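Supplied in structure tokens, the structure appears directly below.
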Amino acid sequence: MDIDTLWLHVMMAAIGETLEEEEDGEVMGVVVNVRKAFYRIGVWTRTIGKHIPNRGDGDVSGGKGRSQQKGQEVLMQIGRRFKDILKLPPGEVVEFSGHTDSAHAGSTRAKAKFTV
């Protein structure tokens, strides 16, 4: 699929709220970055999937009263649905990295916290 089709599928999934269960409340938006050498499609989530000391509960996967383990399960499920929506083959890796890590990575890729 070309980038326009991939982006359309991700936007429709976000609008139709099919990336997560209704009670999860994780998905905040979707984004596409197009550069000369690559493109990246991302899903913005409420939490980051890993405990970071000195951060509020809203920043970690245990937010919304969930345990950190349950929060990571929710994020992994979003990742699996994301792969399904994009019709990616099972061997294709989808990486999850936190916003703070991505923001500080500059032009390089942020280190993935976990993969789906």
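Read-outs: derived from the displayed coordinates by stated rules, not from any lab. If you're wondering where the values come from, they're calculated on a predicted model, not measured in any experiment. Glycine also receives a Cβ, built like all others from the backbone with ideal geometry; neighbour counts cover every protein chain displayed.
As a footprinting exposure proxy, order LEU86, LEU8, LEU19 by other Cβ within 10 Å, with the fewest listed first.
LEU8, LEU86, LEU19
Can you compute 3J(HN,Hα) from phi for each residue in the stretch 35-45, using the Karplus curve 6.51 cos²θ - 1.76 cosθ + 1.60 with θ = phi - 60°, rounded to whole Hz and x for Gly and Pro?
Values, residue by residue: 10, 4, 9, 6, 9, 9, 10, x, 10, 7, 10 Hz.
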